[in-house]
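Presented below is the structure to which this report refers.
The values are calculated or read from the model by the stated rules, or taken from the named source; none is laboratory data. Worth saying up front: this structure is predicted, and the values here are computed from it rather than measured. Please note: Cβ atoms are built from the backbone with ideal geometry, for glycine as well, and neighbour counts cover all protein chains shown.
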Amino acid sequence: MKKIISTKTGIIILLALVTVIGGYTNFMAQYSPIPSTPSTLSISPPTPPPLPPSLLDGVEKFDSEEEFKTYLQESESLSLGTFGMGASIGGARLPMMEGLEIDAPSKGQAGVPERISETTVQVLGIDEPDVVKTDGKEIYFSSGQSYYWRRSIEIMPPKISGETKIIKAFPPADLEIGAKIDKRGDLLLHKNILIIFSGDKIYGYNVADPKNPEEKWTMKLEDRNYIVAARLYQDKVYLITQTRIDTFRPCPIKPLSVNGASLEIKCADIYHPIVKVPVDTTYSAVVFDPISGKTENNISFVGTSNSSVVYMSESAIYITYSYHERIVKFFSDFFKEKGKDIISEWVIEKLDKLESYDISETAKFTEFTIILERYYSSLNDDERLRIENELTNRMEDYYKEHKRELETTGIVKISLEDFDIKANGNVPGVPLNQFSLDEYQEHLRIAINVGERIFGWRWGIGGASASANDVYVLDKDLKIAGALYDLGLEERIYSARFIEDKGYLVTFRQIDPFYVLDLSNPKNPQLKGELKIPGYSSYLHPISKDKILGVGKEGSKIKISLFDVKSPENPTEVSKYTLDEYWSDILNTHHAFLLDKKHQIFFLPGAKGGYIFSYKDDKLELTKAVSKVNARRAVYINDYLYIIGDDKMVVLNEIDWERINELEF
């Protein structure tokens, strides 16, 4: 009598692909690196695979609610379900252009600061929400904690505890708390309006009188709506939200209300790709006036909640969403190409027939496993063991060749000029964060990883051994113009940075390859240089034209590296500092970093205190350490550096680094 239960062992190599899509963990984020010795490497360009076809060739609006429902039903058959990593929500950080230094309105007058730092952002002039803002006179600090939790696959709004402090900061001798607002969250500051992103609400406060802040307007996210990102640019706030689709009544949608008046987006105003793709979410980009809170424009389109990333340039907003391709078809093609000599012909015939069924991918996969179980139960133990090993080896080879066919990232481009969708496109794989995207001379560059999330490390196939990283250059219509493939094979991207016609990429598994890319020819991007050193950098920041700062980890400690990229073919690590800290918030958010070029220093927070480093003469030196403060951020006003912690604020004179004042919270 044959052993039926052995079929589970037989198909485990096939179930691995699907299992990790539904149960992918943050294992790699907690991965403890093993230092390796530095090495140099000769560059040999990889053989490029053919460019993927454009699957999202154009968008159009739904005609009606019924058409929306039909689209949902048809797109459901393309997906195994919605799994994995949800979009980042309000208050979440994304792991980095230096903070913009602004001039005070009445620069040079007595008592008015001449230098004021701003939040470190990706694109100069486009502000991003953070827990600290300053206008040069007051510092606004939102302290406390946000608590997030999940229900099913939805990311719920955070519970908020804490407050926002308005601190009289300049001159530092007058340091005091002027007022408190019983709301906390990320902040934006526009003229005299302080915007607080607090859970499912956004508040606008008039702080013209810092001692008496006055609530002017309230914006509330409606049910099933979450914040993905926000930006402040040219006196307008750009808010990106996502709405979980109600399959029974997908539209109209109501992303938010302002002072009780709902913003309603009708079915005929929602875009969708002409080619069917899996969808579970409607994204809305909303423009509102920070003074009044009133919405001025909006646009909506369908996508997925997986791994959403938002990047904004001076001309457009780019919103990405990732989805998995047809898993059953992938396996069917594998058997046809690699398994005809070991898999029964009737199995392949049944899989061909299964592919033609007009049913969901979930139902197809259920039938697929039944077919395989029947086949394995017909084998004796010896034959089953042989086939298991053959399939394991052949699948690894097949996956390396076809990994770019399994996960796709759709990209939507919204023009700021008329706030309409100007283009949409797609690339294989998944971007890491907002710094994986960058627009330059009407081209979008995007760094992506393929393979890391699909095959699980725990199954011993695919995963790390099949992971690769690509960089694509897309034209203004989001069509692929050029690409670089297979950077950091068997590794994943830890940081990316694009600066004009250059690109810098860090991948990691056990050592840190730092790549220098030449993107001057969009149709022919090139890998120019590579440097391998221990540890990794998860944050890259331009210090000067030829110097890039990297902050990451080596072993269990924070590592800071200064890279010289003057010779792209031969990048070097000119200075390195290992800090006796396990964690810095810079690993989590670029907002925690502050660069002061006048004094050639930068600040980073740690668990034990705050640290000020000098980079003069291309040498990293710890200039000042401030202990006994749970440091979160730093700002400078004139030549005073304010280190802001959860428990107190410390003011340093940047001329001699002496403590000038401090304030207990």
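Would you pick out the residues in the stretch 169-191 that are buried (at least 16 other Cβ atoms within 10 Å of the Cβ) and in a loop (DSSP other than H, G, I, E, B)?
The answer is Ala169, Phe170, Pro171, Leu175, Lys183, Arg184, Gly185.
Can you pull out every residue in the stretch 546-566 that is modelled with pLDDT of 95 or more and among the hydroxyl-bearing types (Ser, Thr, Tyr)?
Ser561
For every residue, the table says whether it meets (1) assigned to a strand (DSSP E or B); (2) aromatic (Phe, Trp, Tyr); (3) at pLDDT below 90.
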{"position": "Asp352", "(1), (2), (3)": "no, no, yes"}
{"position": "Asp358", "(1), (2), (3)": "no, no, yes"}
{"position": "Ala363", "(1), (2), (3)": "no, no, yes"}
{"position": "Thr369", "(1), (2), (3)": "no, no, yes"}
{"position": "Arg386", "(1), (2), (3)": "no, no, no"}
{"position": "Asn393", "(1), (2), (3)": "no, no, yes"}
{"position": "Asp397", "(1), (2), (3)": "no, no, yes"}
{"position": "Lys413", "(1), (2), (3)": "yes, no, no"}
{"position": "Gly425", "(1), (2), (3)": "yes, no, no"}
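If a residue must be among the basic types (Lys, Arg) and modelled with pLDDT under 95, how many such residues does the stretch 509-545 contain? Lay out the reasoning, then the answer.
From the stretch 509-545, those among the basic types (Lys, Arg) are 509, 523, 528, 532, 545; that's our starting set.
Among the residues that remain, those that are also modelled with pLDDT under 95 are: 509, 532, 545.
Counting residues in the stretch 509-545 that are among the basic types (Lys, Arg) and modelled with pLDDT under 95 gives 3.
Only one of Thr304, Thr281, Thr247, Thr320 is under 18 Å from the mean Cα position of the chain (by Cα), over 23 Å from Phe197 (Cβ atoms) and of a type in the set (S, T, N, Q). Can you tell me which? Walk me through how you get there before you give the answer.
Details: Thr281 fails: over 23 Å from Phe197 (Cβ atoms); Thr247 fails: under 18 Å from the mean Cα position of the chain (by Cα); Thr320 fails: over 23 Å from Phe197 (Cβ atoms).
The match here is Thr304.
Just for the stretch 627-659: of the residues that are over 31 Å from the mean Cα position of the chain (by Cα) and under 18 Å from Tyr577 (Cβ atoms), which one is surrounded by the fewest Cβ atoms within 10 Å (Cβ to Cβ)?
For the stretch 627-659, the residue satisfying everything is Ser627.
Take the stretch 251-271 and flag every residue that is of a type outside the set (A, V, I, L, M), surrounded by 23 or more Cβ atoms within 10 Å (Cβ to Cβ) and in contact with a Lys or Arg (Cβ under 9 Å, 6 or more places away or on another chain).
Cys251
Contact list please: Cβ distance under 9 Å, first residue in the stretch 206-229 and farther than 21 Å from Ala261 by Cα and basic (Lys, Arg), second residue modelled with pLDDT of 95 or more and not in a loop (DSSP other than H, G, I, E, B), pairs at least six apart or on different chains.
Filtered contacts from the stretch 206-229: Lys211/Ile166; Lys211/Lys168; Lys211/Gly178; Lys211/Ala179.
Let's see how each residue does on (1) modelled with pLDDT of 95 or more; (2) part of a strand (DSSP E or B):
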residue: Tyr238; (1), (2): yes, yes
residue: Thr241; (1), (2): yes, yes
residue: Asp246; (1), (2): no, no
residue: His272; (1), (2): no, yes
residue: Val275; (1), (2): no, no
residue: Pro278; (1), (2): no, no
residue: Thr282; (1), (2): yes, yes
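May I ask you to list the residues in the stretch 518-537 that are surrounded by 23 or more Cβ atoms within 10 Å (Cβ to Cβ) and within 24 Å of the chain's Cα centre (by Cα)?
Leu519, Gly535, Tyr536, Ser537
Can Ile586 be described as β-branched (Val, Ile, Thr), under 26 Å from the mean Cα position of the chain (by Cα), under 24 Å from Val121 (Cβ atoms) and in a strand (DSSP E or B)?
Considered against the rule, which asks whether it is β-branched (Val, Ile, Thr), under 26 Å from the mean Cα position of the chain (by Cα), under 24 Å from Val121 (Cβ atoms) and in a strand (DSSP E or B), Ile586 comes out as no.
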